[in-house]
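Only one structure is covered here, and it is reproduced in the block below.
Derivation of every value follows stated rules applied to the coordinates shown; laboratory data play no part. Just so it is clear, the model here is predicted, and its values are computed rather than measured. Neighbour counts run over all protein chains shown; Cβ positions are idealised from the backbone, glycine included.
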Amino acid sequence: MITREAVIESLRAVDDPELHRSVVDLDMVRHVVVNGTEVSVTLALTIPGCPLKDYFNRAVPQAVQAGCPEVTAVHLELTSMSEDERSRVIGDVRVRVPKVGDSESRTRIIAVGSGKGGVGKSTVAVNLAAALTTRGHKVGLLDADIWGFSVPHMLGATGRPTVVDDLIMPIEAHGMSVLSIGNFVPEDSPVVWRGPMLHKALEQMLADVHWDDRDYLVIDMPPGTGDVSISLSQYLPNADFLLVTTPHDTAERVALRAGRMMEKVGMRLAGVVENMATFVCGDCSTEHQLFGIGAGSRLAELLDVPLLARIPLEPALTSQVDGTAPTVLTHPETLSATRFAELASTIAGQSSLVRRPLPLLT
Ligand SMILES: Nc1ncnc2c1ncn2[C@@H]1O[C@H](COP(=O)(O)OP(=O)(O)OP(=O)(O)O)[C@@H](O)[C@H]1O
Ligand SMILES: [Mg+2]
């Protein structure tokens with residue numbers, strides 16, 4: 001016999017896709033009526049006109065029929081929460097999930113930066129985030145390049161985020177939660193902000209965004225060591241900094257200054273990524289050292305950190321800027337995709353070392 005309780009139990013499998021919690025735990029299930037083998041369910045969504053209606057229309061019948069196979073029809077009615085109910089739910093989510101950067105948060109933060117512009121920070125950030133996601137980690141990607149944001153375009157994550165009771169929901173793209181200042185301003189309009197505004201925007205993009213308890217938050221930093229880097233180091237004192245350089249002399253020297261500066265403001269340098277390190281010739285499959293050898297390892301040695309990856313110059317990565325998916329997903333067969341997968345695996349290994357309790361404490 002189909003019972004109301006069994007239907008509710010089966011609804012536990014349905015998560016609100018933005019809040020990442022079961023609709024039962026979020027108190028969204030309003031009525032469940034069983035009439036023979038037919039079931040009527042009323043769900044109260046967090047906001048009226050929720051863009052996720054299609055998702056619920058699909059997920060709810062699926063979950064009920066998976067949990068109660070005798071059910072022949074599911075009638076779903078979608079309503080929306082009152083303002084009070086919404087505030088309570090969001091308040092509860094805010095209390096239960098520590099903010100990224102707080103000492104109780106389990107999210108490991110990886111800031112991808114460099115000294116110079118154009119060395120491949122965004123390319124590394126996006127592909128590292130995707131490679132970590134492919135390994136099964138829950139990943140957030142924050143584009144902190146306020147003036148030069150590029151992540152929405154690179155990932156096709158150009159929509160405007162939903163805001164529920166002052167809590168901003170990141171855009172879901174390729175299995176990751178993504179957010180950029182580009183999701184708030186029209187595509188081609190400049191962001192003309194100075195120190196205090198920048199500080200405030202970054203604070204909001206960390207504290208007022210539902211990053212949830214991600215395993216990783218990868219941050220695409222703006223070039224150089226300006227206001228944004230200093231603000232982030234204050235908000236995120238536990239962040240790891242990944243320094244991207246190219247093999248060119250100038251990039252290496254500027255990256256060294258950036259690395260030292262990051263150490264000065266208290267960020268932990270996790271290592272160096274040498275981008276455009278080699279060129280793989282399509283005909284001979286050999287890696288050519290077009291721009292010289294050893295810049296990445298020299299830099300790593302000077303900063304006393306590991307050289308974590310050498311990413312080759314590859315056409316697939318160049319076309320990603322106007323693409324809508326990370327190269328590690330669209331071209332997993334390329335050498336750069338393999339290197340990004342190795343980088344993700346090294347980073348994941350580092351994190352397990354960091355989190356492993358000391359033998360004395362176990
Ligand atoms: N390994 C690579 N192979 C081929 N092209 C690459 C590679 N890395 C980056 N590129 C290309 O170089 C350009 C700059 O890369 P990207 O935007 O990632 O750099 P950035 O450091 O984030 O730049 P900015 O300082 O402007 O934010 C892009 O067109 C990108 O596609
Ligand atoms: Mg960039």
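Points to keep in mind about this one:
- Legend: translational diffusion of segment 1-137 by Stokes-Einstein, Rh = Kirkwood radius over C-alpha pairs, 10 °C, 1.306 mPa s; D = 90 µm²/s.
- In nm, spacing of pseudo-spin labels at Thr250 and Arg58 (7 Å Cα→C-beta vector): 4.8
- For the listed peptides 13-21, 270-278, a ranking on the average number of other beta carbons within 10 Å per residue, highest first, reads 270-278, 13-21.
- FRET efficiency, Ser40 to Val265 (Cβ-Cβ, R0 51 Å, nearest 0.05): 0.35
- Principal axis extents of the C-alpha atoms in the chain (largest first, rounded to whole Å): 75, 56, 50.
- The residue among Pro196, Ser87, Ile230 whose Cα reaches farthest toward the positive pole of the charge dipole of the chain, with charges on the beta-carbon of Lys, Arg, Asp and Glu, is Ile230.
- Dipole of the chain, positive end: most advanced residue of Gly349, Gly271, Gly113 [Cβ charges, Cα centre]: Gly271
- Positive-end extreme of charge dipole, the chain - chosen from Ile181, Val64, Val39 (charges on Cβ): Ile181
- Considering helices alone, the calculated mean residue ellipticity of the chain at 222 nm is -11000 deg cm²/dmol, with DSSP H runs of length four and up weighted by -39500 (n - 2.57) and normalised per residue.
- In terms of the mean number of neighbouring beta-carbon atoms within 10 Å, the peptides 159-167, 239-247, 36-44 order highest first as 239-247, 36-44, 159-167.
- Nitroxide proxy distance, nm - points 7 Å out along Cα→Cβ at Thr286 and Arg96: 5.9
- Assigned charges on the beta-carbon of Lys, Arg, Asp, Glu; segment 210-350 dipole about Cα centre (debye): 440
- Rounded to the nearest 20 debye, the dipole magnitude of the chain is 920 debye, with +1 charges on Lys and Arg beta carbons, -1 on Asp and Glu beta carbons, and the Cα centre as origin.
- Gyration tensor (alpha-carbon) shape descriptor, segment 214-339, a/c threshold 1.5: oblate
- For the chain, the antiparallel share of DSSP beta bridges with both residues in that region comes to about 30%.
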